[in-house]
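Taking it in order: structure first as structure tokens, then the write-up.
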Amino acid sequence: MAYKYKEVADSLRKAIKTGKYEPGEHLPDQNQIAKNFNTTRITVHKALQLLMVEGMIYSKRGAGTFVRKDYIADDHSKFGKVSPIDKPFGATKTNAGKSVTSKVLELSARIPTEDEADKLLIKPTEPVYVIRRVRYVNGVVFAYENTIMPTAITTLTEDILKKSIYGHMQKEGMTIEGTHRIVSADKATQIDVETGIAEELGEPVLVINQLSYLEDGQPFEISESRFPYKTSQLTADITL
């Protein structure tokens, strides 16, 4: 027999997937859900936690629980599902205690492509930043980043890009919640060689493509980061 919290989670999951609750919509409060399912608030809380881990909903203190704005019912979405290990910390926080610097290659703005507007949940006429920079840790090449970000999110300058975009956003009161991330391998391109990510064409390169979002589920960044294979590794702590 299934646990009660799983039954509640299954029912809410189905309601979200079938469109009863749409992206960005407020869910009934926990007491009402408990009444609807003839169960306890503790059971409802556990069910909601399960859906949060799956990336379907988020909770905002004092406001309640909402369906994520970036939730897509298709389980085969390009950027996959959200999980606790998908928190984006950025190069500066990841390398705390070390010297993290940046060489800005481009900071410009343009109209987004159809695909970019779709992923960022913005109108086709809303401009986006195009950001290209090389990150260094203790003077050694760490990564080459190519980022697309809506200009409406925040105002960026070259000075900010030389430091930390995430740090700047947090100072402005924004909370970065997580990211959908794909990790893969690729062969080095001419840009990889020019930026110092690789020594020669065809060399292996570690690639991370991600779509990052704020606490309300609003996507704010599409990025591709490329790393030298000799000095890069991924670490994940998984608790079962």
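The values are calculated or read from the model by the stated rules, or taken from the named source; none is laboratory data. Everything quoted here is computed from the prediction, not taken from an experiment. All Cβ positions, glycine included, derive from the backbone under ideal geometry; neighbour counts span all protein chains shown.
A few notes on this one:
- Subset of region 1-11 [closer than 19 Å to Ser59 by Cβ, free of Cβ contacts under 8 Å to residues at least 40 places away in the same chain and either among the aliphatic types (A, V, I, L, M) or touching a helix residue (DSSP H, G or I) at 6+ places or on another chain (Cβ under 8 Å) (or both)]: Val8
- Failed criterion for Val8 (all others in (1) modelled with pLDDT of 90 or more; (2) surrounded by fewer than 18 Cβ atoms within 10 Å (Cβ to Cβ) hold): (2)
- Val134 surrounded by 12 or more Cβ atoms within 10 Å (Cβ to Cβ), closer than 25 Å to Lys230 by Cα, of a type outside the set (Ser, Thr, Tyr) and in the same structural domain as Val104 (by TED's automatic domain parsing): yes
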